[in-house]
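Comments concern the structure below.
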Amino acid sequence: MIPNTHIYTKIINYCLFFSLFFLLCTKNFTVGVVIVLLITSLIYIAKNYKVITITKIDMLVITILSGYFIASLPIYIKDMDSTRYFKGSIRYVCFIPIYFFLKNEIQLPNISRKYLDLGIFIGSVGTITLAIYQHYILNIERVVGYLYSINFGYLACSLAFLSLALSKDSHFKLLLLLSFIFDTYATILTQTRGATFAIPILLILVAFFYKKDNQIKRIFYCTVSIVLFTSIIYVISPNFKERIHFTVNEFTNIYRGDITESVSSGVRLDLWYSAIQSFKESPLIGQSFKKREEMLSTLYKEKKIGPLAVGIKRAHAHNQYFEMLASYGILGIFAFILLLFFPLFFFLKRIYQTNYALTGFILVSGFVLFCMTEVPLEQNLISTYYGLMLVILIVFTNLDIKNNRIMQNSSNHSD
């Protein structure tokens with residue numbers, strides 16, 4: 001085993017703290033922190049590569065983090081017109097050395113855990129402060145932070161449930177519960193429907209998997225609380241009420257077949273339909289952005305989609321699954337299965353063995369939901385956050401299970 005060095009431990013702890021502290025209350029400072037962590041990881045591996053071993057779980061992690069990049073290679077080679085095909089995928093590859101650095105340097109998750117928890121709390125205070133300032137002082141209807149409102153909403157929602165899941169076994173339980181409240185309210189202030197509608201689903205998942213016993217009872221209380229909370233917000237918040245009415249009207253128009261009257265959801269349906277047609281045209285490796293834009297124009301001329309979808313740059317599908325299907329074909333299907341569903345089942349399999357697995361499961365579940373209404377895994381800050389938390393929680397899950405087994409074996413021998 002590679003001996004733990006004090007300087008590496010300090011770098012890891014401070015990077016964990018500042019990456020979450022800076023996440024939503026600064027402009028991409030988190031990316032800078034992760035770059036420091038990446039450089040340190042590369043230096044570490046260069047010095048210690050001879051003694052670093054690779055296990056089956058390590059190979060799984062490498063596959064998860066590299067699948068998206070590999071899927072983007074064929075269409076780039078065919079098109080050679082834009083490096084945007086690598087925009088999201090290349091970042092996940094960068095987390096492979098970070099994973100090995102964390103895996104070999106962190107021996108006890110609890111040592112780094114307080115930095116993680118405090119980073120989440122202080123970051124949440126900054127997040128709600130910025131959200132309240134923008135909404136109530138600057139009169140910005142949909143809080144944006146330093147991002148678009150939809151991206152701010154996804155990150156705030158994810159941070160909220162990271163806080164809630166980690167609070168189960170934290171020394172800073174109260175602070176993390178406050179973080180959950182702060183980030184949930186910040187999410188609502190963005191009026192991001194994809195994030196807001198994810199809140200009750202994620203709450204029910206937390207309630208169900210919190211413990212093996214009394215699951216139905218917890219889900220019942222959770223559901224009642226969600227209904228009461230939503231009703232209160234609906235009554236006291238005109239913006240929230242207007243957003244609900246807007247959504248209901250859109251779905252009503254779609255149900256009646258008046259898709260063109262639905263200026264948000266209807267356009268998404270047109271873009272998803274176009275993405276499917278692009279997949280049919282090039283099912284193996286997908287279509288280039290130029291070809292996808294041409295597909296939109298063709299479908300409009302054939303009166304198969306409305307006018308609002310035409311002219312959307314790169315035919316952006318506003319859905320991670322359809323976007324990867326259209327741009328990377330069958331390879332894109334494998335890519336999002338690797339990046340989302342492999343980690344989901346990795347954590348689910350271990351969900352009652354350690355709270356880090358529950359936290360990881362809730363983290364990935366959130367992104368499975370977010371990906372239905374946007375393409376978050378390509379966005380700079382979101383992909384950095386997702387990649388970092390994914391490798392941290394995989395490392396913490398494995399270490400906690402391993403250490404628990406050692407303690408259990410020691411206890412059995414002493415008996």
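Here are the numbers for this structure:
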| item | result |
| --- | --- |
| For the chain, calculated [θ]222 nm from helices alone, where every DSSP H run of n ≥ 4 adds -39500 (n - 2.57) | -24500 deg cm²/dmol |
| Around Val206: net Lys/Arg minus Asp/Glu count, Cβ-Cβ under 12 Å | +3 |
| For the range 10-128: rounded, prolate or oblate by the Cα gyration tensor [a/c cutoff 1.5] | oblate |
| Relative contact order (%) - the range 200-287, alpha-carbon pairs under 8 angstrom, separation at least six | 12 |
| Gyration tensor verdict on the range 240-349 (Cα atoms; rounded if a/c is under 1.5, prolate if a/b is larger than b/c, oblate otherwise) | oblate |
| By accessible area with a 1.4 Å probe, ligands and nucleic acids excluded, highest first: order of Tyr321, Tyr273, Tyr92, Tyr49 | Tyr49, Tyr273, Tyr321, Tyr92 |
| ³J(HN,Hα) computed for each position of the range 184-191 - Karplus, 6.51 cos²θ - 1.76 cosθ + 1.60, integer Hz, glycine/proline x | 5, 5, 4, 4, 5, 5, 7, 6 |
| Most mobile listed residue (Asn151, Asn239, Asn139) in the chain, GNM with C-alpha springs under 10 Å | Asn139 |
| Choice from Tyr154, Tyr356, Tyr133 showing the highest fluctuation, given a GNM over the chain with Cα pairs closer than 10 Å | Tyr133 |
| Sparsely packed trypsin sites (Lys or Arg not before Pro) within the range 202-283, loop by DSSP, other Cβ within 10 Å at most 10 | Lys212 |
| Label-point separation in nm, Ile140 to Phe345, each point 7 Å along Cα→Cβ | 4.1 |
| Residues Tyr133 and Phe86, FRET efficiency given R0 of 30 Å [Cβ-Cβ distance, rounded to 0.05] | 0.25 |
| Which label in [x] 94, 74, 35; [y] 84, 45, 40; [z] 75, 54, 41 gives the computed Cα extents along the principal axes in Å | [z] |
| Segments 102-112, 174-184 sorted - mean Cβ within 10 Å per residue, highest first | 174-184, 102-112 |
| Residues of the range 58-174: accessible area per residue with a 1.4 Å probe, Å² | 41 |
| For peptides 185-197, 328-340, 281-293, sequence by mean Cβ density within 10 Å, most packed first | 185-197, 328-340, 281-293 |
| Reachable lysines from Lys313, criterion Cα separation under 23 angstrom, eight or more residues apart if same chain | Lys78, Lys87, Lys280, Lys290, Lys291, Lys301, Lys303, Lys304 |
| For Ile285, residues with placed amide H under 5 Å, excluding near neighbours | Ile330 |
| Protein accessible area in the range 169-319, 1.4 Å probe - carbon and sulfur % | 66 |
| Two-site FRET efficiency, Met59 against Ile333, from Cβ-Cβ distance with R₀ of 22 Å, rounded to 0.05 | 0.60 |
| Gaussian network model of the chain, Cα within-10 Å springs - most flexible of Glu250, Glu378, Glu323 | Glu250 |
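The values are calculated or read from the model by the stated rules, or taken from the named source; none is laboratory data. Quantities reported herein were computed from a predicted structural model and do not represent experimental measurements. Heads up, the Cβs are rebuilt from the backbone with ideal geometry, glycines too, and the neighbour counts pull from every protein chain shown. These area figures cover heavy atoms from the full protein model, side chains too; ligands, DNA and RNA do not enter into them. Shrake-Rupley method; radii C 1.70, N 1.55, O 1.52, S 1.80 Å.
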